[in-house]
Amino acid sequence: MAIWMDLTNSFAVWNKGIVGLVRCELMLARELLRINNEIKFVKFDGKRFIEINKEDVIWLLDEGDMATQYEEYKINRDKNKSSEKLKWKYQKFYAKYFFPHKKRKQIKILNPFRDGDVIFSCGWMGTQKEQKLSEIKQSINNLRVIYLIYDLAMLHSDLKPYFKPFDEDFKQYVLWAGANCSDIVYCGNTAKLDTEEFFYENGIIPPTGWPLKMGNDIFSVSSELLNIEEVRSKYSLEKDYIMTVGSVFPKKNYKTLYQAYCILAQTKEKYPQLVICGDYFQNDNLVDFINNNPLIKDKIKIIQPNDEELRTLYKNSQFCVLPTFYEGFSAVLCEMLGYGKFCIASDIAPLKEVANDLVEYVEPTNPRQWAEKIIYYYNNKNELDNRNRYIEKNWKSVTWNESAAELNRILTNKVDVEIESDLTNADQFNQIIYYDISLLIYESRISGIPRTQFMLARYLNEKIKNIKFFINWNETFCEIPKQYLKHILSDEPIELAFEKDKRIILQLLPALSKKVQTNLPFRKNDIVFCTGGGLDNHLRVEIEKNKSIIGYKYIQLIYDFTVIKVPHTHLPTTISMFKGLFDYCAKNADLLLYGGKTAMHDGITYIANNFSNKEVPSDYLKFGSDFDESKIQVNFEIIKQKYGIDDNYVISVGTIEPRKNHEILYDAYINLIRNGIKVPQMLFIGKPGWKSDFLVHRINNDDRVKDIIKLITPSDSELITLYKNCRFTLLPSLYEGWSLTLPESLNFGKFCIASDCPPLKEIGEDLVEYANPYDPIEWAEKINYYATNKEVLKTKEKNIQNNWKPTTWEHCAETVITILKNKGIMK
């Protein structure tokens, strides 16, 4: 096996001075060469990959200034270009006239790679080598291609306009890497997260990813410096200056610094000169404005110092600024901190990954904030000294040798063994909770049970480090990496999060299935936590057979016993399925959690009656009922127009199915209308379920309730507004577990008329009015009473406001953890 490092970018294409990408490529090549003398180098000349002779790269090992050495190399390289062209011209002529029958063979792409080789590239796009690598991979077995991706800045929403039309080329370049590389190395973890998110949004299972901290010892801090007065004189710099480093390019966001300095120039404050150390890449008038605007004349200098000068400038600067829009693992910020220099930096994730609390963060596009921070630290020397001392104490540099050593472990495949060993050792002490989220692929929409499963998943993930997620798919245990649950595990509205992650998971299931585990991964003390309809038959058998032998725990959440209490409202298959679940749990569960105290009593009674007074450890939960109102606001007038809603309306929230008993409300309204009583508009909020066709048909075709009873399916955002503006709510269910809709109503301070059944009385206590779920006349009377007695209704709402104590989903998750610990299940 040979390891090849591709140097096409720096050795064949690039014709300017050293910039970040080129320096990274050269520094990694230098240190890899020192660490691994077996490393080989290659470049692509547009037709084929050519091995670079070691004597052509030996200059990399010199200890001198890399920028100067690279300039000398390019001069020699360019001298040979004309002779190279003649050589290729001669070879083509030779092939055409002396071996015409071998013409096709002669121009076929040649390469030095062999079976099992590794090719590493940290260059850039545009050389067409990716297309050729795809062809080579088809003819060489086990060719391991590894790319380094610096960042996704070109696809960042703020930056895409600057890169057009090359943003599309870059997108295809990254997609190629995702589809063709066995591994990808990233400039830091932020770049890894961004790129892997991009992959799965485009239907690609991310290759194995390795975040790599890039070296920042470009200059030796202890090296002898130049005379600062000579450097200042050369570039006409003031004594008090601050600096930033990087090419003048839109991504670096120097426009904001220019605007900040124009703001400073209009004040009477004394402010430092800004020195921008970098070459020009794209001139969008900014350089002309900086050089020619009399308002800031000579207060911003753009210079191109060599490495020795740059080192001297760093050491003598007041402090640094870094206004970049986006980065990978910023080598520049590392350099600044390596010199012990405080920095004012853009408030973006990759810079926070590098510096944590060592720098001051500012919104990238707010020039007034930049001006304020610059003038503050310039005029507060004591504060600046404190920040510099804090940096000196806490900053830990990474050398290029350390970066290359880690890269070498990745290339030689040794890092896999080390990581696997570390995980194995850690797993002996770390209990893992495996949380079932199978409803993600089996449910078509968010209703009560899916909402509970995903909201618990969201908050348990925040509070439990060692939690993993899985689905039962095709009789197989399939772990779902957390990056594919990005939306569900965020604070995004759960209905939108469900739709987005479901779409991604369904798209990726064929690829994910190749990674499913044939043996269950559960170990001693692990917890298998199911919050849906239970495990499929295959996993049930496996758990029943191995759980006690291995020593892991199985926990099931049971929502209610409606299939036992009101079986006539359920499908026969549903009854059979849930009875099978209850029976399995009675035999195998280490803990049963229930949706409310009533459901727990129902469960204990069922198990005692059917399993000879057997007892299973049990407890109950109060489910969350909180909406994040701060992020969701929908104009009521827009909703009214959209759905045809009156100002005077009541609502009943829940899937339209027999158990929810909407028919009693329809009958009650018909009774009121027959008696000439004016009724408020009634909204059935929820999608039709099983055995709802007849009721829906009657409502839609009964002129008596036309525009009076409406069936709508609003979003969560719209539902919040509908709750806030309704007169009161109705909940006629025949039976429930822990109702989600009754607490929601009380959360919004809305009075409810609910069915007189134990689970609803458990929640509502004396805060709501109860009616017999089989008596339409009682419902009619109570609806009319509260619709026409506004003062009584206000008194009820006041009682709710003073006495209702809501439960949040976060508190629900905390309750789960408390129960698991109290039962001795969670360590």
**Prompt:** Does region 759-781 contain at least one residue that is at positive phi, small (Gly, Ala, Ser) and free of Cβ contacts under 8 Å to residues at least 60 places away in the same chain?
**Reply:** no
**Request:** Identify, by number, the condition in (1) in contact with an Asp or Glu (Cβ under 6 Å, 6 or more places away or on another chain); (2) open to solvent by less than 40 Å² (accessible area, probe 1.4 Å) that ASP347 doesn't meet.
**Result:** (2)
**Asked** Do we have GLY64 as modelled with pLDDT under 75 and not in a helix (DSSP H, G or I) here?
**Response** yes
**Message:** Quick check on GLU762: is it modelled with pLDDT of 95 or more and under 24 Å from VAL563 (Cβ atoms)?
**Reply:** yes
**Request:** Could you tell me whether region 676-695 includes any residue that is of a type in the set (D, E, K, R) and open to solvent by less than 50 Å² (accessible area, probe 1.4 Å)?
**Result:** no
**Prompt:** Does region 350-361 hold any residues that are surrounded by fewer than 24 Cβ atoms within 10 Å (Cβ to Cβ) and in a loop (DSSP other than H, G, I, E, B), and which are they?
**Reply:** ASN356, ASP357, LEU358
**Request:** Just one of (1) over 20 Å from GLY737 (Cβ atoms); (2) surrounded by fewer than 23 Cβ atoms within 10 Å (Cβ to Cβ); (3) β-branched (Val, Ile, Thr) trips up ILE433, so point out which.
**Result:** (2)
**Request:** Among the residues of region 783-827, write down those that are small (Gly, Ala, Ser) and over 28 Å from ASP491 (Cα atoms).
**Result:** ALA787, GLY824
**Prompt:** So which residues in region 495-508 are closer than 22 Å to CYS812 by Cβ, of a type outside the set (Asp, Glu) and modelled with pLDDT under 90, if there are any at all?
**Reply:** LEU496
**Request:** Report, by residue number, each residue of region 447-470 that is among the β-branched types (Val, Ile, Thr) and open to solvent by 30 Å² or more (accessible area, probe 1.4 Å).
**Result:** ILE449
**Request:** Check whether at least one residue in region 623-638 is part of a strand (DSSP E or B), closer than 20 Å to LYS761 by Cα and in contact (Cβ under 8 Å) with a residue 60 or more places away in the chain, and report yes or no.
**Result:** no
**Prompt:** Across region 761-802, what is the total count of residues that are open to solvent by less than 50 Å² (accessible area, probe 1.4 Å), of a type in the set (Phe, Trp, Tyr) and part of a loop (DSSP other than H, G, I, E, B)?
**Reply:** 0
**Item:** Of the criteria (1) in contact with a Leu (Cβ under 7 Å, 6 or more places away or on another chain); (2) open to solvent by 10 Å² or more (accessible area, probe 1.4 Å), which one ASP626 fails
**Value:** (1)
**Message:** Quick check on my filter: what residues within region 362-402 are open to solvent by less than 50 Å² (accessible area, probe 1.4 Å) and aromatic (Phe, Trp, Tyr)?
**Reply:** TRP370, TYR377, TYR378, TRP395, TRP400
**Complete:** Filtering region 607-620 down to residues that are of a type in the set (Ser, Thr, Tyr) and more than 18 Å from CYS530 (Cβ to Cβ) yields SER612
**Message:** I need the full set of residues from region 723-760 which are buried (at least 24 other Cβ atoms within 10 Å of the Cβ) and of a type in the set (D, E, K, R), in order please.
**Reply:** GLU736
**Test result for ILE296, closer than 17 Å to VAL275 by Cβ and touching a strand residue (DSSP E or B) at 6+ places or on another chain (Cβ under 6 Å)** = no
**Residues located in region 256-275, provided they are crowded, with 19+ Cβ neighbours inside 10 Å and not β-branched (Val, Ile, Thr)** = LEU257, TYR258, ALA260, TYR261, LEU264, TYR271, PRO272, GLN273, LEU274
**Prompt:** Restricting attention to region 335-342, does a residue exist that is touching a Pro at 6+ places or on another chain (Cβ under 7 Å), touching a residue at least 24 places away in the same chain (Cβ under 8 Å) and open to solvent by less than 10 Å² (accessible area, probe 1.4 Å)?
**Reply:** no
**Request:** Select from region 480-493 the residues that are surrounded by 21 or more Cβ atoms within 10 Å (Cβ to Cβ) and at pLDDT below 90 and write down the one among them that is nearest to ASP716 (Cα to Cα).
**Result:** TYR484
**Fill in**
Taking first residues from region 346-367 that are over 17 Å from ALA153 (Cα atoms) and in contact (Cβ under 8 Å) with a residue 40 or more places away in the chain and second residues anywhere that are part of a helix (DSSP H, G or I) and open to solvent by 50 Å² or more (accessible area, probe 1.4 Å), the pairs with Cβ under 9 Å that are 6 or more apart or on different chains are PRO367/LYS255; PRO367/GLN259
**Prompt:** Would you say LEU313 is part of a loop (DSSP other than H, G, I, E, B) and among the aliphatic types (A, V, I, L, M)?
**Reply:** no
**Asked** Any idea which of TYR442, TYR459 is of a type in the set (Ser, Thr, Tyr), modelled with pLDDT under 95 and under 19 Å from LEU557 (Cα atoms)?
**Response** TYR442
**Request:** Pull up region 783-815, narrow it to residues that are among the hydrophobic types (A, V, I, L, M, F, W, C) and over 16 Å from SER625 (Cβ atoms), then point me to the one that is farthest from the chain's Cα centre (by Cα).
**Result:** VAL792
**Request:** Check TRP124, TRP176 and return the single one that is within 23 Å of ALA404 (Cα to Cα) and not aliphatic (A, V, I, L, M).
**Result:** TRP124
**Message:** What's the total number of residues in region 803-827 that are among the β-branched types (Val, Ile, Thr) and either over 30 Å from LEU460 (Cβ atoms) or open to solvent by 50 Å² or more (accessible area, probe 1.4 Å) (or both)?
**Reply:** 2
**Item:** Residue that is nearest to ASN189 (Cα to Cα) [pool: residues in region 148-175 that are open to solvent by less than 30 Å² (accessible area, probe 1.4 Å) and hydroxyl-bearing (Ser, Thr, Tyr)]
**Value:** TYR150
**Asked** Which one is nearest to the chain's Cα centre (by Cα) among residues in region 234-258 that are part of a helix (DSSP H, G or I) and of a type outside the set (Ser, Thr, Tyr)?
**Response** LYS251
**Fill in**
Selection from region 726-751 of residues at pLDDT below 95 and of a type in the set (Val, Ile, Thr) yields THR741
**Complete:** Here, helices (runs of 4 or more DSSP H) confined to region 83-201 with at least 1 residues that are at pLDDT 85 or above and in contact with a strand residue (DSSP E or B) (Cβ under 8 Å, 6 or more places away or on another chain) are 129-139, 166-180, 189-201
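The values are calculated or read from the model by the stated rules, or taken from the named source; none is laboratory data. These figures come from a predicted structure and were not determined experimentally. In this analysis, Cβ positions are derived from the backbone assuming ideal geometry, glycine residues included, and neighbour counts consider all displayed protein chains. In case anyone asks, the SASA skips ligands and DNA or RNA and just uses the protein heavy atoms, side chains included. Shrake-Rupley method; radii C 1.70, N 1.55, O 1.52, S 1.80 Å.
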